[in-house]
1. Among residues belonging to the stretch 205-233 that are within 30 Å of T63 (Cβ to Cβ) and in contact with a Lys or Arg (Cβ under 9 Å, 6 or more places away or on another chain), point out the one that is surrounded by the fewest Cβ atoms within 10 Å (Cβ to Cβ).
2. So, G203, is that one assigned to a loop (DSSP other than H, G, I, E, B) and within 29 Å of F232 (Cα to Cα) or not?
3. Here are V46, V52, V60: which of them is part of a strand (DSSP E or B) and of a type outside the set (K, R)?
4. Might you check whether a residue that is closer than 30 Å to T172 by Cα and open to solvent by less than 40 Å² (accessible area, probe 1.4 Å) occurs anywhere in the stretch 54-65?
5. Filter the stretch 15-43 down to the residues that are part of a helix (DSSP H, G or I) and open to solvent by 40 Å² or more (accessible area, probe 1.4 Å) and list them by number.
6. Name the residues in the stretch 1-60 that are under 23 Å from F242 (Cα atoms), touching a strand residue (DSSP E or B) at 6+ places or on another chain (Cβ under 9 Å) and polar (S, T, N, Q), would you?
7. Among the candidates A76, A108, single out the residue that is without any contact (Cβ under 8 Å) to a residue 24 or more places away in the chain and within 24 Å of T2 (Cα to Cα).
8. Taking the options L243, L202, name whichever one is open to solvent by 80 Å² or more (accessible area, probe 1.4 Å) and either in contact with a strand residue (DSSP E or B) (Cβ under 8 Å, 6 or more places away or on another chain) or among the basic types (K, R) (or both).
Amino acid sequence: MTPIIMHGAAGRMGRRILGLAAEQSAAFRIVLGVDQKPARLSDLGVAADGAVVTALPDDVRGTVVIDFSHPSSFPALAKRCAELGCPLVSGTTGIEPATLAAALDAAAGRIPVLHAGNMSVGVNVLCAVAAQLARALGPGYDIEIVEAHHHLKVDAPSGTAFALADAILEATGRTRADLVHGREGQVGARRKGEIGMHALRLGDVVGDHTVYFVGNGERVLIGHVAHTRDIFAGGALRAAAFLHGRAPGRYTMRQALGLG
């Protein structure tokens, strides 16, 4: 059984992860939740006993922390988890890349850590396919990534859009300097090798992602539509079970999902 602490327990994802964990009580034990205001899990609509506290206590060594919270809290959380010996799974997006890398690298020397912009099986397969297509089609195809999310999402582009972009960049020897975020005004002809990133914010959209590969005479489109947050919540729990008992180090969602 995997013991878990939900960091960001009162958020949309936090509540759903806790709800799924409570439904799988033979596989997961909810130790507590962490959020800005103390409460009971039942106050969040979670059918489980336990408290929501404002900070990680000292006596939780070995408990897996699942984090879906605010990007500003991540460096301190990673440090605290390392101090306590708590494996860390995080799906928090909007963290500055250098800040994220430094926090993960520092923590990975003491605990197993896994950060992913998207934890669904389908999206992780999509990233692998996007990389393969980018290599196979070559530099003659223009690439654009379009994502859509609900109007309450605070960061843009999404972590999933960046994950798709990073997979393509790595496969083709490019860097994030080649990303262009939207276009406005007299931008001139499209620069060879750039990748366009476009974010839509619409109603209650859970998450839509489309990657365009367009050459002279044809276009190839691949994409993913999330119908429910359960695909991300379920992936987070799979990642927590995967990390439980692992040696310190950095792990990937592809490893957690058995995708290689």
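1. Pass one, the stretch 205-233, residues within 30 Å of T63 (Cβ to Cβ): 206-207, 226, 228-233.
Cutting the leftovers down to in contact with a Lys or Arg (Cβ under 9 Å, 6 or more places away or on another chain) gives us 206-207, 228-230, 232-233.
Working: V206: 16, G207: 24, T228: 11, R229: 18, D230: 15, F232: 24, A233: 25.
Filtering the stretch 205-233 for residues that are within 30 Å of T63 (Cβ to Cβ) and in contact with a Lys or Arg (Cβ under 9 Å, 6 or more places away or on another chain), the one surrounded by the fewest Cβ atoms within 10 Å (Cβ to Cβ) comes out as T228.
2. Values: assigned to a loop (DSSP other than H, G, I, E, B): yes; within 29 Å of F232 (Cα to Cα): yes.
Spelling it out, G203 is indeed assigned to a loop (DSSP other than H, G, I, E, B) and within 29 Å of F232 (Cα to Cα).
3. Values: V46 fails: part of a strand (DSSP E or B); V60 fails: part of a strand (DSSP E or B).
Of V46, V52, V60, the one residue that is part of a strand (DSSP E or B) and of a type outside the set (K, R) is V52.
4. Scanning the stretch 54-65, I find no residue that is closer than 30 Å to T172 by Cα and open to solvent by less than 40 Å² (accessible area, probe 1.4 Å), so the answer is no.
5. Pass one, the stretch 15-43, residues part of a helix (DSSP H, G or I): 15-23, 41-43.
Matches in the stretch 15-43: R15, R16, E23, S42, D43.
6. Within the stretch 1-60, T2 is the sole residue that qualifies.
7. Numbers: A108 fails: without any contact (Cβ under 8 Å) to a residue 24 or more places away in the chain.
That would be A76, the only listed residue that is without any contact (Cβ under 8 Å) to a residue 24 or more places away in the chain and within 24 Å of T2 (Cα to Cα).
8. Values: L243 fails: open to solvent by 80 Å² or more (accessible area, probe 1.4 Å).
The unique qualifying residue is L202.
The values are calculated or read from the model by the stated rules, or taken from the named source; none is laboratory data. These figures come from a predicted structure and were not determined experimentally. Counting neighbours? That spans all protein chains shown, and the Cβs are built from the backbone with ideal geometry, glycine included. Side chains are part of the model used for accessible areas, which takes the heavy atoms of the whole protein and leaves out ligands, DNA and RNA. Shrake-Rupley method; radii C 1.70, N 1.55, O 1.52, S 1.80 Å.
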